[in-house]
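Trainee: One structure is given below, represented as structure tokens, and several questions about it will come after.
The values are calculated or read from the model by the stated rules, or taken from the named source; none is laboratory data. This is a predicted model, so every value here is computed, not measured. Backbone-built Cβ (ideal geometry, glycine too); neighbour counts: all protein chains shown.
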């Protein structure tokens, strides 16, 4: 069929441009060691920043919850899918982040689309950093608002755009820790601009919660910012080791989101076991300082090892340590060389990153040993052409 032939041609074009994605099958749990194609390799690809995805404390919490609540939630939250374990998790997340109320979503993608479509709308204007995650871009477009993208971290450009806007509702949306660069948004400046120009501030802290801030409380705590204009989203599937997301903010804002966000109203509720795993992860953060402390030590250790070997890292104080190599073909080649040496470091290519900025994305975990980082630094020095 002609339609299928068109797809085949498009896939062939991806192959020519070195942009086709391929899944790798892991025969092991998430962790710093992974089994791929029958080989054990050191894993530097996962967002499991605190090593909680296979932590016994979360696994035991899941087992207890399955025994009490079963496997699935059975319905959307507003029908009958909202159980006591969901309610308790929401209360704990609100307290953990220092915000009045939180609600759980099935994923960070669904949460951000829900937030932006509810807050903006055809009369609004959304302002987004050019390097925001795709879900913020998609949420802005789906909101039917005017969408204005400003250069990465350019607060002067954002201020000019806000000042020129005549929209009835203004919404600034930003990653807190940028997923492919590891740098942090200047949240104090963003709060200031939103206060001055009467705008909402939507903060996606998917890669900040559990990593930055006292006890891993996230980017708001890291910068010490607070405002009723902030709508805060963080995921449960990265540093917190499970799956899903939560959104937190003022009571009225969360109630309106609950009443109007289509990705919340028309989705089956998060499985109870994932809410239990999230609560268990919070207990770890609140009672055990070692994972967050170890992660920060690993970040410093890796950067020092790379500096000593002239491995060109970009500035990042997060668990995300990119090495920009330029062409997609080169990123794939270096990633393959590393895998041959026993290191799984993914090549990140367009459209995830801009053209000409393909990179290796090193993800660090508290569970990595210091010698793992030294070995990777040496392998990078030997594999980068």
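Trainee: Here are the criteria: (1) part of a helix (DSSP H, G or I); (2) within 19 Å of the chain's Cα centre (by Cα); (3) assigned by TED's automatic domain parsing to the domain that holds residue 361. Tell me which single one residue 316 does not satisfy.
Mentor: (1)
Trainee: Going by the conditions given, is residue 313 closer than 30 Å to residue 38 by Cβ and in contact with a helix residue (DSSP H, G or I) (Cβ under 8 Å, 6 or more places away or on another chain)?
Mentor: no
Trainee: Within the range 256-273, can you find the residues that are in a helix (DSSP H, G or I) and in contact (Cβ under 8 Å) with a residue 60 or more places away in the chain?
Mentor: Start the filter on the range 256-273 by keeping residues that are in a helix (DSSP H, G or I), which leaves 256-260, 262-265, 272-273.
Scanning the range 256-273 gives 256, 257, 258, 260, 262, 263, 264, 265, 272, 273.
Trainee: If I go through the range 275-305 residue by residue, how many of them are in contact (Cβ under 8 Å) with a residue 24 or more places away in the chain and touching a strand residue (DSSP E or B) at 6+ places or on another chain (Cβ under 8 Å)?
Mentor: 4
Trainee: Could you please find all residues in the range 1-24 being free of Cβ contacts under 8 Å to residues at least 12 places away in the same chain, in a loop (DSSP other than H, G, I, E, B) and within 27 Å of residue 43 (Cβ to Cβ)? Give the steps one after another, and end with the answer.
Mentor: Taking the range 1-24 first, the residues free of Cβ contacts under 8 Å to residues at least 12 places away in the same chain are 1-16, 20-23.
Within this subset, residues satisfying the condition of being in a loop (DSSP other than H, G, I, E, B) are 1, 20-23.
Matches in the range 1-24: 20, 21, 22, 23.
Trainee: Looking only at the range 57-73, which residues are surrounded by fewer than 16 Cβ atoms within 10 Å (Cβ to Cβ) and more than 27 Å from the chain's Cα centre (by Cα)?
Mentor: Those that are surrounded by fewer than 16 Cβ atoms within 10 Å (Cβ to Cβ) and more than 27 Å from the chain's Cα centre (by Cα): 64, 67, 68, 70.
Trainee: Given the conditions (1) touching a residue at least 40 places away in the same chain (Cβ under 8 Å); (2) assigned to a loop (DSSP other than H, G, I, E, B), which single one is not true for residue 380?
Mentor: Condition not satisfied by residue 380: (2).
Trainee: Turning to a different aspect of this structure: With the structure loaded, tell me whether residue 227 is in a loop (DSSP other than H, G, I, E, B) and not assigned by TED's automatic domain parsing to the domain that holds residue 170 or whether it fails that test.
Mentor: no
Trainee: Can you list the helices (runs of 4 or more DSSP H) lying wholly within the range 39-151 that have 2 or more residues being within 13 Å of residue 276 (Cβ to Cβ), without any contact (Cβ under 8 Å) to a residue 24 or more places away in the chain and not assigned by TED's automatic domain parsing to the domain that holds residue 362? Steps first, answer last, please.
Mentor: Values: elements: 56-69, 84-97, 108-119, 134-142.
Answer list for the range 39-151: 56-69, 84-97.
Trainee: Something else about it: Could you say which residue among 221, 234, 176, 214 is within 28 Å of residue 52 (Cβ to Cβ) and at pLDDT below 95?
Mentor: Answer to the check: 214.
Trainee: Take the conditions buried (at least 24 other Cβ atoms within 10 Å of the Cβ) and outside any loop (DSSP other than H, G, I, E, B) and apply them to residue 212. Does it pass?
Mentor: no
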